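Take a look at the structure set out below.
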Amino acid sequence: MDFLLNPYYLQILMFIIINAILGISIYLTLSTGQLSLGNAGFMSIGAYVSAILTLKAGVPLYVAVPIGGAAACLMAAVIGIPTTRLRGIYLAIATLGFGEVVRVIILNLGITNGALGLSGIPSMSVMLSKGLTSLGLAAGIGGISVRQLGSISVILILALILGFLVFFALRLSTSRLGRAFAAIKADEHAAEVSGIDTRYYKLLAFFMGAFVAGIAGGLAAHVTFYIGPKDFAYHRAVEILLFAVLGGSDVVWGPLLGSVILTLLPEVLRFATEYREMIYGGILVVMMAFRPQGLISEDTLRFWQRKLTARPLASKQEELPRRATK
């Protein structure tokens, strides 16, 4: 039990869930075929807005995080509206440039503390631990300390947010809106000719992805206590995109699986720190060569659905002759 409640493992689990939320943000953008590298920039806006509101204005954490998401969504309008007509690599370059502009602005602003970043950000875990202490649980429950209970509560809250976003993404894929997204992703020109307002739907997907990335940024700021401009640099933008490249972007489970693998991989490869980047590159080369659609695709889900539903049907068919002979 102590092994599972180790603060290190609990924090890794928090990072996995936050990265999974980022995976959903890139899935929403890619659902219309938009190759965006701006999610790290939106994440930084959500993180800094939420951290500044709680640190300097005393805004409650549960209010500051949604405001951070809304600020990221608002900023998405600045870059999203002029770049709606861009496609493929051109949109990727424009959004990557946007992320770098945001990072440079953060570096030069006094309120963001420049290159030093913001420290002492109110912690979700500490806040929940204090709440549990005020409820008379200062001694913990069943051998679990109040600090561990605070961390477990944070994980449960993050899991609830992730569960809601997964449910939303699954419902979206079967809705009229989701079908419009899929049509634009398959062939934007054909979708436009058939009467779909591609500009509107692409902007909507862009805003939704930015909002979710902003929420993830706000949550990350209150889990790690510190944020700095380096946390949202180019490598972060590429890492978020890799969640979908590795796991697959056709279904929501793909980026989720990619985020879990790419969060755990650095921990697993700690013994080979010097070769870590080389191993990442090798994995991606193998993926692009043998499975460019990612680990999970719609065909993968159909295959497992057939496999799982075939066994009960086969067993029922075998039982029918036995009953007839009786």
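The values are calculated or read from the model by the stated rules, or taken from the named source; none is laboratory data. This is a predicted model, so every value here is computed, not measured. We place every Cβ from the backbone using ideal geometry, glycine too, and count neighbours over all the protein chains shown. For the accessible areas, the whole protein counts, side chains as well, though only heavy atoms, and no ligand, DNA or RNA atoms are used. Shrake-Rupley method; radii C 1.70, N 1.55, O 1.52, S 1.80 Å.
Could you tell me whether A186 is at pLDDT below 90 and surrounded by fewer than 19 Cβ atoms within 10 Å (Cβ to Cβ)?
Answer is yes for this residue.
Kindly indicate whether any position in region 32-46 is under 29 Å from R179 (Cβ atoms), part of a helix (DSSP H, G or I) and open to solvent by 40 Å² or more (accessible area, probe 1.4 Å).
Looking through region 32-46, none of the residues is under 29 Å from R179 (Cβ atoms), part of a helix (DSSP H, G or I) and open to solvent by 40 Å² or more (accessible area, probe 1.4 Å).
Consider G58 carefully, then state whether it is surrounded by fewer than 24 Cβ atoms within 10 Å (Cβ to Cβ), in contact with a Lys or Arg (Cβ under 7 Å, 6 or more places away or on another chain) and either small (G, A, S) or part of a helix (DSSP H, G or I) (or both).
For G58, the condition - surrounded by fewer than 24 Cβ atoms within 10 Å (Cβ to Cβ), in contact with a Lys or Arg (Cβ under 7 Å, 6 or more places away or on another chain) and either small (G, A, S) or part of a helix (DSSP H, G or I) (or both) - is not met.
Any chance you could count how many residues in region 216-235 are crowded, with 18+ Cβ neighbours inside 10 Å and of a type in the set (F, W, Y)?
1
Residue under question is L74, and the condition is that it be surrounded by 14 or more Cβ atoms within 10 Å (Cβ to Cβ), outside any loop (DSSP other than H, G, I, E, B) and touching a residue at least 40 places away in the same chain (Cβ under 8 Å); does it hold?
no
Might you check whether a residue that is in a loop (DSSP other than H, G, I, E, B) and either of a type outside the set (S, T, N, Q) or at pLDDT below 85 (or both) occurs anywhere in region 91-107?
Scanning region 91-107 turns up no residue that is in a loop (DSSP other than H, G, I, E, B) and either of a type outside the set (S, T, N, Q) or at pLDDT below 85 (or both).
Condition test on L132, is it open to solvent by less than 40 Å² (accessible area, probe 1.4 Å), under 29 Å from Q11 (Cβ atoms), at pLDDT below 85 and assigned to a helix (DSSP H, G or I)?
On the way: open to solvent by less than 40 Å² (accessible area, probe 1.4 Å): yes; under 29 Å from Q11 (Cβ atoms): yes; at pLDDT below 85: yes; assigned to a helix (DSSP H, G or I): yes.
Criteria met by L132.
Could you tell me which of the residues V252, V238 is under 19 Å from the mean Cα position of the chain (by Cα), over 23 Å from A159 (Cβ atoms) and surrounded by 13 or more Cβ atoms within 10 Å (Cβ to Cβ)?
V238
Report yes if F243 is aromatic (F, W, Y), open to solvent by 10 Å² or more (accessible area, probe 1.4 Å) and modelled with pLDDT under 90, otherwise no.
No: the conditions fail for F243.
Specify which of the listed residues (I121, I144, I161) is in contact with a strand residue (DSSP E or B) (Cβ under 9 Å, 6 or more places away or on another chain), in contact (Cβ under 8 Å) with a residue 24 or more places away in the chain and either open to solvent by less than 70 Å² (accessible area, probe 1.4 Å) or of a type in the set (S, T, Y) (or both). Can you show your working first?
Details: I144 fails: in contact with a strand residue (DSSP E or B) (Cβ under 9 Å, 6 or more places away or on another chain); I161 fails: in contact with a strand residue (DSSP E or B) (Cβ under 9 Å, 6 or more places away or on another chain).
After applying the criteria, what remains is I121.
For A205, indicate whether it is open to solvent by less than 80 Å² (accessible area, probe 1.4 Å), part of a helix (DSSP H, G or I) and in contact (Cβ under 8 Å) with a residue 24 or more places away in the chain.
yes
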